[in-house]
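This report concerns only the one structure given below.
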Amino acid sequence: MMRIKRNRTLKDFIDMEQMELRFYSEEHVTPHDEAYRWYLANPNTDMAIEDGEKIIAFSDILPLKNQVYERILDGSFNDKYLTGDDMINIEKLNEGEHCNLLLSCVVVHEDYRKTEALKLLLDHHLGYYREAAAKDVHIDWVLTSNVTEDGEGFSERMGFERIGKSSHGSTLYRIRFSDFDQRVKLMKSRLEELLLGKEQDLLSHELCRERSKLERLLSDDFLEYGTSGTVYSKRDTIDALCAMKKRDIEIHEFEVDSLGPYAAVAHYTAFEKKEKERACCTLRTSIWRLEEGEWKLLFHQGTCCNEESITRGKEERLGGLECIKY
């Protein structure tokens with residue numbers, strides 16, 4: 001199960017450096033001993049996710065002294081050579097003071113690129129800076145200095161503005177902290193988007209008329225626990241879906257949790273609209289498994305629920321916020 005790794009050792013930073021060197025050339029990678037000193041000075045500038053005993057993702061988001069930020073911004077300073085003296089302790093800033101951040105690196109292991117690792121990492125990391133902003137410390141800009149196509153792609157997807165090249169060949173991007181924070185809050189992992197599309201396909205009348213596509217979507221080991229308590233096999237489910245009349249079903253509150261790199265569980269609420277009857281509401285859980293490069297549905301369960309109780313429960317959990325509709 002993926003989780004934030006709270007306490008790290010020098011050995012962890014050696015491992016993280018080796019992971020980083022798989023994607024960046026040595027001239028752009030801060031030595032592990034210096035990165036470890038950053039961490040010791042302020043652990044919250046560096047975040048990492050572990051799965052079991054293995055670090056699978058990490059990020060450095062650094063609050064910079066203004067003169068250092070300006071040198072990186074004008075392209076004259078390679079952030080590989082940053083030291084602890086170039087950074088500020090954001091917790092010591094007074095109300096009303098300003099600072100800027102450098103998103104120095106985001107590294108996610110290849111096996112976890114399609115999980116929610118990136119969102120979990122960034123959301124937790126920005127949570128630290130949100131707390132500072134809530135104390136009226138003004139965080140103005142987030143800067144990136146990209147040395148790979150993947151890095152530039154990430155900056156562009158997250159809404160950063162390209163501002164030019166540095167003297168050492170990196171591409172500089174910048175975004176307002178408030179805009180970046182909002183983008184992170186709204187971002188969906190690649191896996192979440194993929195599995196949402198597959199769940200919607202299974203509710204699609206058009207797809208359910210094509211048995212071959214259903215065969216590919218469901219694992220051979222598939223089981224469903226129906227709302228009546230009946231257990232359905234893959235063959236039972238495909239037969240039922242192919243015979244089913246057209247339905248109007250909306251998916252709400254879709255969430256995905258990884259169960260490692262090769263399995264994931266999805267939870268959502270489904271509302272089926274009916275012409276002459278009250279809408280039918282079900283709480284649904286699906287387990288998806290990566291099989292030979294394709295995500296297939298391994299297990300599904302639906303539980304009938306009362307729409308009013310679901311709404312009341314959401315208000316209690318979310319403080320009255322409306323759920324997101326996909």
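Bear in mind these aren't lab numbers, they're just calculated from the coordinates by the rules spelled out. The structure presented is a predicted model; accordingly, all values stated were derived computationally and were not measured. Neighbour counts are summed over all protein chains in view; Cβ atoms, including those assigned to glycine, are modelled from backbone coordinates with ideal geometry.
Return the residue satisfying two criteria in turn: it lies in segment 150-183 and is touching a Lys or Arg at 6+ places or on another chain (Cβ under 9 Å) and of a type in the set (Gly, Ala, Ser), and of such residues it is nearest to GLU20 (Cα to Cα).
Once the filter is applied, the top-ranked residue is SER155.
Each row is one residue, and each column tells you yes or no for (1) touching a residue at least 60 places away in the same chain (Cβ under 8 Å); (2) touching a Leu at 6+ places or on another chain (Cβ under 8 Å).
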{"residue": "ALA240", "(1), (2)": "no, no"}
{"residue": "ARG247", "(1), (2)": "no, yes"}
{"residue": "GLU255", "(1), (2)": "yes, no"}
{"residue": "LEU259", "(1), (2)": "yes, no"}
{"residue": "ALA266", "(1), (2)": "yes, yes"}
{"residue": "ALA270", "(1), (2)": "yes, yes"}
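Return the residue satisfying two criteria in turn: it lies in segment 128-152 and is aliphatic (A, V, I, L, M) and part of a strand (DSSP E or B), and of such residues it is farthest from LYS165 (Cα to Cα).
Step one: of segment 128-152, the residues aliphatic (A, V, I, L, M) are 132-134, 137, 139, 142-143, 147.
Within this subset, residues satisfying the condition of being part of a strand (DSSP E or B) are 139, 142-143.
Values: ILE139: 24, VAL142: 16, LEU143: 13 Å.
Taking the candidates together, the pick is ILE139.
Within segment 164-193, residues that are at positive phi reach partners that are assigned to a strand (DSSP E or B) and among the hydrophobic types (A, V, I, L, M, F, W, C) with beta carbons closer than 9 Å, at six or more positions or on different chains, in the pairs GLY164/LEU172.
Within segment 192-235, track down each residue that is aliphatic (A, V, I, L, M) and touching a helix residue (DSSP H, G or I) at 6+ places or on another chain (Cβ under 9 Å). Write out each step before concluding.
Applying the first criterion (aliphatic (A, V, I, L, M)) to segment 192-235 yields 194-196, 202-203, 207, 214, 217-218, 223, 231.
Selection gives LEU202, LEU207, LEU214, LEU217, LEU218, LEU223.
Whether any residue in segment 44-66 is of a type in the set (Val, Ile, Thr) and surrounded by fewer than 17 Cβ atoms within 10 Å (Cβ to Cβ) is what I want to check.
Taking segment 44-66 as the starting set, the residues that turn out to be of a type in the set (Val, Ile, Thr) are 45, 49, 55-56, 61.
Keeping just the survivors that are surrounded by fewer than 17 Cβ atoms within 10 Å (Cβ to Cβ) gives none.
No, segment 44-66 contains no residue that is of a type in the set (Val, Ile, Thr) and surrounded by fewer than 17 Cβ atoms within 10 Å (Cβ to Cβ).
Considering only residues in segment 1-16 that are surrounded by fewer than 18 Cβ atoms within 10 Å (Cβ to Cβ) and touching a helix residue (DSSP H, G or I) at 6+ places or on another chain (Cβ under 7 Å), the one that is nearest to ASP123 (Cα to Cα) turns out to be ILE4.
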